[in-house]
1. Can you give me the ranges of the strands (runs of 3 or more DSSP E) entirely in the stretch 204-306 with at least 1 residues that are out of contact with any Phe, Trp or Tyr (no Cβ under 9 Å at 6 or more places or on another chain)?
2. Name the residues in the stretch 1-35 that are open to solvent by 90 Å² or more (accessible area, probe 1.4 Å) and not in a loop (DSSP other than H, G, I, E, B), would you?
3. How many residues does the stretch 146-160 hold that are open to solvent by 10 Å² or more (accessible area, probe 1.4 Å) and either in a loop (DSSP other than H, G, I, E, B) or acidic (D, E) (or both)?
4. Among the residues of the stretch 285-313, how many are open to solvent by 10 Å² or more (accessible area, probe 1.4 Å), within 23 Å of T388 (Cα to Cα) and among the aliphatic types (A, V, I, L, M)?
5. Scanning for something part of a loop (DSSP other than H, G, I, E, B), touching a residue at least 60 places away in the same chain (Cβ under 8 Å) and in contact with a Leu (Cβ under 7 Å, 6 or more places away or on another chain), does the stretch 36-44 turn up at least one residue?
6. Against the definition (among the charged types (D, E, K, R), under 28 Å from V281 (Cβ atoms) and open to solvent by 20 Å² or more (accessible area, probe 1.4 Å)), how does E358 come out, yes or no?
7. For the stretch 45-57, what are the residues that are over 20 Å from the mean Cα position of the chain (by Cα) and either not in a loop (DSSP other than H, G, I, E, B) or not hydroxyl-bearing (S, T, Y) (or both)?
8. Can you tell me which condition Q342 does not meet? The list is (1) surrounded by fewer than 24 Cβ atoms within 10 Å (Cβ to Cβ); (2) more than 30 Å from R276 (Cβ to Cβ), and all the others hold.
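The values are calculated or read from the model by the stated rules, or taken from the named source; none is laboratory data. Source: prediction; values computed, not measured. Ideal geometry is used to build each Cβ from the backbone, glycine not excepted, and the neighbour counts take in all protein chains shown. Areas reflect the complete protein model, heavy atoms only, side chains present, ligands, DNA and RNA absent. Shrake-Rupley method; radii C 1.70, N 1.55, O 1.52, S 1.80 Å.
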Amino acid sequence: MAKVVCVLYDDPINGYPTSYARDSLPVIERYPDGQTLPTPKAIDFVPGSLLGSVSGELGLRNYLESQGHELVVTSSKDGPDSELEKHLHDAEVVISQPFWPAYLTAERIAKAPKLKLALTAGIGSDHVDLQAAIDRGITVAEVTFCNSISVSEHVVMTALNLVRNYTPSHDWAVRGGWNIADCVTRSYDIEGMHVGTVAAGRIGLAVLRRFKPFGMHLHYTDRHRLPREVELELDLTWHASPQAMFPACDIVTLNCPLHPETEHMVNDETLKLFKRGAYLVNTARGKLCDRDAVARALESGQLAGYGGDVWFPQPAPQDHPWRTMPHNAMTPHISGTSLSAQARYAAGTREILECYFEGRPIRDEYLIVQGGSLAGVGAHSYSKGNATGGSEEAAKFEKVG
């Protein structure tokens, strides 16, 4: 028997839903690159239901308990008295989502002598100290591509929101106003603007493809250059580094993983390279940006807007400046946990667990760390090291409602 600890976000404040806005999801069989969707032997949930909260349990309880395993599901993840801490001593598997990450620091990994698998239900395993996992021989896996398109849609929505000044204009309507001049003094068209992505992997390339029909100039920087035919198809301009790309862009979107090499890549010095009045969209990881440098750039006008849904730590403390800084379009971390995405990453989580418990290989595209080294997609996307430092700040978060 294995103990599986699953850390999920809380249920809605009005209780777990009994009905949904839509009755079904579109059927998608493959991702844009040809990779198949998750292929577990079975699922015990209805696609389109809320699976990522505590009561949803990622649809795993029937499967795990039928195999004789113990499943612990909790939202309590931060601090020494959390439920996660109480179960670390005999947990073999820890499952977490990037939206409500269970920070597996080196200290926590040391408290978990039986831990063999750290599984991300979604994409992005930076909440795990990858170096500590490598040193301990722990397998780290995530459900690659499960919500990449979901996130790319959020990027485009956020950019349009900022450039068109949508949220402040909506607020005028809600308040009963008709203040057109107030609304449009910060409203522009994105047609003809230059947009650049830091990283053009699954998400970044999907973002570029979605911006193309808007009549924009497309830029990217990535340590792995795209095939020439893709550059020609989308009329892309490649830059050798983010610093080389920033001055060319009206909109910059961050779509790279967080690891020691990318931590705080946007800071006071690199923000000086941006066009005055540029927009920055970050749906990758909050720690890619220096928190206070972003707030200062908005106050000074160096940035015209900042938006996205990723913070550090998560959940963000009540006094996090991104909650109140001007010209922001921030949301909680929701871009990759739409009900559509949840059906895919819940199925992918089950596929990985089936492989693990049955001794079958986990797909290379799901592997981040295995056998004491970076593996699979992790060897392509990550570097050794640790980006969990400072995660204890999440304990300052006070639940509202």
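1. On the way: elements: 217-221, 236-239, 251-254, 278-282.
It comes to 217-221, 251-254.
2. Within the stretch 1-35, R30 is the sole residue that qualifies.
3. 1
4. Let us first name the residues in the stretch 285-313 that are open to solvent by 10 Å² or more (accessible area, probe 1.4 Å), namely 285, 287, 290-292, 295-296, 299-302, 304, 311-312.
Still in the running and within 23 Å of T388 (Cα to Cα): 285, 287, 290-292, 295, 311-312.
In the following step, the residues that additionally are among the aliphatic types (A, V, I, L, M) were identified as 295.
The number of residues fulfilling the criteria is 1.
5. Within the stretch 36-44, none of the residues are part of a loop (DSSP other than H, G, I, E, B), touching a residue at least 60 places away in the same chain (Cβ under 8 Å) and in contact with a Leu (Cβ under 7 Å, 6 or more places away or on another chain).
6. Details: among the charged types (D, E, K, R): yes; under 28 Å from V281 (Cβ atoms): no; open to solvent by 20 Å² or more (accessible area, probe 1.4 Å): yes.
When the stated conditions are applied, E358 does not pass them.
7. Matches in the stretch 45-57: F45, V46, P47.
8. (1)
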